[in-house]
Amino acid sequence: MTLDAYVAGWRGKELAAWFRERKLECEYAAERHVVFMLSPQNTVGDLERFRQALKELRHRCLQLHKSIS
């Protein structure tokens with residue numbers, strides 16, 4: 001899964017650090033994007049943390065875009 005960090009108001013490495021704080025490590029972080037790869041080794045807990053982080057990120061994006069409008 002590739003996420004565009006600019007949409008959240010961050011650079012890729014900043015977004016990667018935000019995920020790291022939530023115990024989630026991306027495979028790759030560039031200026032604008034972060035890439036996650038799921039595997040059979042991921043646990044249900046890993047996937048739940050990822051889902052929660054995506055919900056939190058979505059909320060942040062919505063707040064950011066409301067403040068710009």
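The values are calculated or read from the model by the stated rules, or taken from the named source; none is laboratory data. Everything quoted here is computed from the prediction, not taken from an experiment. We place every Cβ from the backbone using ideal geometry, glycine too, and count neighbours over all the protein chains shown. For the accessible areas, the whole protein counts, side chains as well, though only heavy atoms, and no ligand, DNA or RNA atoms are used. Shrake-Rupley method; radii C 1.70, N 1.55, O 1.52, S 1.80 Å.
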Exercise for the section: Search the stretch 42-60 for residues that are within 19 Å of E27 (Cα to Cα) and pair each with any residue that is surrounded by 10 or more Cβ atoms within 10 Å (Cβ to Cβ) when their beta-carbon atoms are under 7 Å apart and the residues are at least 6 apart or on different chains. Expected result: R49/R22; R49/K23; R49/L24; F50/L24; A53/F19; A53/R22; A53/L24; L57/A8
Handout entry: Residue match in the stretch 25-43 (condition: among the β-branched types (V, I, T), in a helix (DSSP H, G or I) and either at pLDDT below 95 or over 13 Å from the mean Cα position of the chain (by Cα) (or both))
Key = no
Fill in the blank from the handout: Restricted to the stretch 13-24 and to residues being open to solvent by 80 Å² or more (accessible area, probe 1.4 Å) and outside any loop (DSSP other than H, G, I, E, B), the residue farthest from L3 (Cα to Cα) is E21
Problem - Residues of the stretch 49-69 satisfying the condition of being within 13 Å of the chain's Cα centre (by Cα) and either open to solvent by less than 80 Å² (accessible area, probe 1.4 Å) or more than 16 Å from A17 (Cβ to Cβ) (or both) - result: F50, R51, Q52, A53, L54, K55, L57, R58, H59, C61
